Every structure is written in structure tokens, then in C-alpha cells.
Amino acid sequence: MTETQTPRDAFELLMAGNQRFVSGTPEHPNQDAARRTETAPFQQPFAVLFGCSDSRLAAEIIFDRGLGDLFVVRTAGHVAGTEILGSIEFGVSVLKAPLVVVLGHDSCGAVAAACSALENGQTPGGFVRDVVERVTPSVLAARAAGRESAEEILAQHIEHTVDLLLERSRVLAQAVADGRLAVVGLSYRLVDGSAQLVAARGLDAVAPTAS
């Protein structure tokens, strides 16, 4: 279904789609009836995308992809529990995707709420509290390293999530060690639509990102 074989190939394919989206020249690939028929019996996505649930981060749109291309998992603030880890492992071990992407973005409500909670000691109620508490370690680590700006805190949270996936999942860590998988972190800019590389594990070199 896809000729993509390596983590590098998958990463470049994904970023090429983002560049088309940024430039306003999307091709809308794999979105027709033929692709629908082709993917009905099975799927072989070239990337697992673990992103924030924000309504402005529709993965297939911002990376200009279509049916069967991306295995998408999303939570507020891209916080990772066991169900998320299992879903990502499924995409890698069963569907054989060679790339896992952690996608964060500026003006993230979960990150802002974690910062606010640390400043005023007040956290949201309900299960939103759990989301905020899972983002808090990233904010604390950023501040401990002198990274105070919103952009720096976001980058810290994305990188922390990348490392968390590899620390908690032996399946993902082994796939990276074997050269079968790359796990990268991208920071999305809402205004211009670009996705910037902020963390990479398993790529042989840094590929160009959207500008």
C-alpha cells in the first residue's frame, strides 16, 4: 500500500506534506474513491501521529495526507497513559509504521493550565486535573533548566513526551535500537501552519522542516 520503508523516508514524506500545506498548495493525496477501496481490506500507515486533541491540529489536513496514511492518536496536551502507549505500540508492532510523531503546538491550553497551576496553586477539577498534572513535570523541568518562554516550555514538553514513550515502552525502544523506527517531536505553529522539528530519536540526520 505504501512504498515507504525507512524512518527517514516516512519523515520526509510527512514534512513534504506540511510544506505543501504551509505554502497553500495541498495535493489532497489518497482521498478519492479508489483509495477508499484500496484501504478497505487492510491498512499500512507510514506514521503514527500522537498529538494534542486541539481542534486546530487535524493531522491529515496539516500534513496533506489521506486515507490509510496516518495512524492518529490524540489526547489533550498529548499526555500519555497506558491506552495511548498500547495504541502507539499497535501502530508500530502490528501495522509496521516506521515513524512515531509527537505533535505539540503553541497556545496549548493544557500547557497554559499547568503553568497557571504552578503559579497560583489552583488546578482544574474533574479529570482535567489529571491532564494538567501530567504536563506539570515538563513545565518544572523547563524552568529548572532556565527555559521560561512559552515556546521553550512547549519544546520541553514535546521532548519529554518523546523520551517518555521510549522509557515506558520496550517495544518502541527496541524498534528504535534496531533502526526500524524513529520517534520525533514536532512543534506546530497555529498562525503559519508549520511543523518544526524539536526532538528526534532514531533519525540518521536532521531533515529540513517547514519554514
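A compact table of results
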| quantity | calculated |
| --- | --- |
| Index of the failed condition, Ile158 passing every other in (1) surrounded by 14 or more Cβ atoms within 10 Å (Cβ to Cβ); (2) within 25 Å of Glu83 (Cα to Cα); (3) aliphatic (A, V, I, L, M); (4) over 13 Å from the mean Cα position of the chain (by Cα) | (4) |
| Condition check for Asp9: in contact with a His (Cβ under 8 Å, 6 or more places away or on another chain) and surrounded by fewer than 24 Cβ atoms within 10 Å (Cβ to Cβ) | no |
| Candidate set from region 185-194 (those that are under 16 Å from Gly77 (Cα atoms) and open to solvent by less than 50 Å² (accessible area, probe 1.4 Å)); member that is farthest from the chain's Cα centre (by Cα) | Leu190 |
| Only listed residue being of a type outside the set (S, T, N, Q) and closer than 18 Å to Gly104 by Cβ, chosen from Val176, Val191, Val171 | Val191 |
| Every residue from region 64-80 that is modelled with pLDDT under 95 and touching a Leu at 6+ places or on another chain (Cβ under 9 Å) | His78, Ala80 |
| Residue match in region 128-148 (condition: open to solvent by 30 Å² or more (accessible area, probe 1.4 Å), among the hydroxyl-bearing types (Ser, Thr, Tyr) and free of Cβ contacts under 8 Å to residues at least 24 places away in the same chain) | no |
| Filter result (among the acidic types (Asp, Glu) and closer than 25 Å to Ala112 by Cβ) within region 52-87 | Asp54, Glu83 |
| Inter-residue pairs, beta-carbon under 7 Å, first free of Cβ contacts under 8 Å to residues at least 60 places away in the same chain and within 18 Å of Val162 (Cβ to Cβ) and in region 81-94, second surrounded by 15 or more Cβ atoms within 10 Å (Cβ to Cβ) and hydroxyl-bearing (Ser, Thr, Tyr), 6+ apart | Ile84/Thr75 |
| Members of region 82-91 that are touching a helix residue (DSSP H, G or I) at 6+ places or on another chain (Cβ under 8 Å) and open to solvent by less than 10 Å² (accessible area, probe 1.4 Å) | Ile88 |
| Hits in region 44-58 (condition: closer than 18 Å to Gly17 by Cβ and crowded, with 16+ Cβ neighbours inside 10 Å) | Pro45, Phe46, Ala47, Val48, Leu49, Phe50, Gly51, Leu57 |
| Selection count where residues are hydrophobic (A, V, I, L, M, F, W, C), outside any helix (DSSP H, G or I) and farther than 29 Å from Leu118 by Cβ, scope region 142-181 | 1 |
| Any hit, region 104-122, residues being open to solvent by less than 50 Å² (accessible area, probe 1.4 Å), over 26 Å from Asp204 (Cα atoms) and assigned to a loop (DSSP other than H, G, I, E, B) | yes |
| Scan of region 25-43 for residues that are open to solvent by 60 Å² or more (accessible area, probe 1.4 Å) and within 20 Å of Ala195 (Cα to Cα), ordered by number | Thr25, Glu27, His28 |
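The values are calculated or read from the model by the stated rules, or taken from the named source; none is laboratory data. Not measured: the values here are computed from a predicted model. Backbone-built Cβ (ideal geometry, glycine too); neighbour counts: all protein chains shown. All accessible areas refer to the heavy atoms of the entire protein, side chains included, with ligands and DNA or RNA removed. Shrake-Rupley method; radii C 1.70, N 1.55, O 1.52, S 1.80 Å.
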